[in-house]
1. Largest first and in whole Å, give the semi-axes of segment 58-157's equivalent ellipsoid, each being the square root of 5 times a Cα gyration tensor eigenvalue.
2. Below 8 Å, C-alpha to C-alpha, sequence gap of six or more: please give me the relative contact order for segment 47-146 in percent.
3. Could you order peptides 15-28, 36-49 by the average number of other Cβ atoms within 10 Å of their residues, highest first?
4. Above 21 Å lies some portion of the pair distances; for segment 230-299, what is it as a whole percent of all C-alpha pairs?
5. Give me D for segment 2-63 in µm² s⁻¹, whole number, from Stokes-Einstein with Rh from the Kirkwood sum over alpha-carbon pairs, 25 °C and 0.890 mPa s.
6. Take the chain, connect every pair of alpha-carbon atoms lying under 10 Å apart with a spring to form a Gaussian network, then pick out the residue of 135, 212, 170 with the largest mean-square fluctuation.
7. What spacing in nm lies between the two simple spin-label points modelled at residue 10 and residue 87, each 7 Å away from Cα in the Cβ direction?
8. PRE reach from residue 45 (point 7 Å along Cα→Cβ): which of segment 1-36 fall under 13 Å by backbone N?
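Just so it is clear, none of the values below were taken in a lab; they were calculated from the coordinates. Since this is a predicted model, take the numbers as computed values, not measurements. Neighbour counts run over all protein chains shown; Cβ positions are idealised from the backbone, glycine included.
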Ligand SMILES: Nc1nc2c(ncn2[C@@H]2O[C@H](COP(=O)(O)OP(=O)(O)O)[C@@H](O)[C@H]2O)c(=O)[nH]1
Ligand SMILES: [Mg+2]
Ligand SMILES: [Zn+2]
C-alpha cells in the first residue's frame, strides 16, 4: 500500500501527496459508518484503483499527533505566532494566550515580529529577549527590507506550520515573500468579510519549495484544539506554560502556590525585582482569571 499525506479535501474527495504524485482518493466506506473523516494533514495509507491508476482509496488513517479545529487540520508541528511592531501594535495578551493554547496541546510555537522596518526606538529588543530567555524561538522580519526572511524559512523548513495572529500583521505578506508563487491576497479586511458570508474555507496544505508545508488559512487569531479546552488547564498548571517562572515557582513558600496573593511567593518577588517581565506576569493573572471565569460558566 502507498503512504501519503492529505493536502486538501473538496466535495468528498481527498487529495493525497504520495511519491507517485497527487492522487485523488475516496475514503473507504467503513470510515463513514464509523463517522470518521480524513482531515487535511492526515498521514494515510491508500490503495490505487487499478483501472485508472490515478485514483485511490484511503484505507487507513495513521494516528494523529494533534488536531486543530480552526483551521481544521491534523499533524501540525508548530504554530508561527505573528505580530507586528506597528499597524497593528503588538497585542501581548493575545500572544501569551496563544502560547498557552499551543503549549497545552504540545504544539511548539515560534514568535515572528514583523514590520521591523517600522522600528524607531529599538523597543523590539527587550521584547524579543524576554521570549528568547523563556525558551521560544523569535524571528524578526520585514517583508519591505527582507530582514529575517531567511530565519523564517529556516524555521519553516521540513515542518508543517500554521500561522496565527491578528489581521494586518503581515501573515500573507510573509508567506508571499518566502514563496512568491503562493500569491496570497494581502492588505484586505477580507477575513472578516469572508466569514460574514459564511463561505466555507477548507484548509489546504501548501508545499514550500524549500521543504515543508504550511496551512493556507493565514487569517485567524485563535487556535482551537479538539482534545483540550482552555478551561481544562488546572489553575496550578498555568505557570507551566510560562517557562521562565519555573526556576522561581519551586521556591514559593506554599506547595501549589498559584502566584497570585499567596505570601512568600518567589514568582511575585522575581517580578518585583525585574527578573520576570511584568507584562508576562500580568498576562498570567489575566489568563488565570479567564480560565476561572470559563470554568464557572461551565459548571454554574
Ligand atoms: N511596513 C510594513 N508593512 C508590511 C509588512 N508586511 C506586511 N505589511 C503590510 O501590512 C498589511 C497587511 O498585510 P497582510 O499580509 O495582508 O496581513 P495579514 O492580515 O496578517 O495576512 C499590508 O498592507 C502589507 O503591505 C512589513 O514587513 N512592513
Ligand atoms: Mg492574510
Ligand atoms: Zn508562588
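1. Numbers: eigenvalues 163, 46, 29 Å².
The three semi-axes for segment 58-157 are 29, 15, 12 Å.
2. Relative contact order of segment 47-146: 22 percent.
3. Order by mean packing, descending: 36-49, 15-28.
4. Counting pairs separated by more than 21 Å, the tail of P(r) holds 21 percent.
5. Working: Rh = 11.2 Å.
Rounded, D is 218 µm²/s.
6. Residue with maximal mean-square fluctuation among 135, 212, 170: 135.
7. Result: 3.5 nm between the two label points.
8. Flagged as within label range: 1-4.
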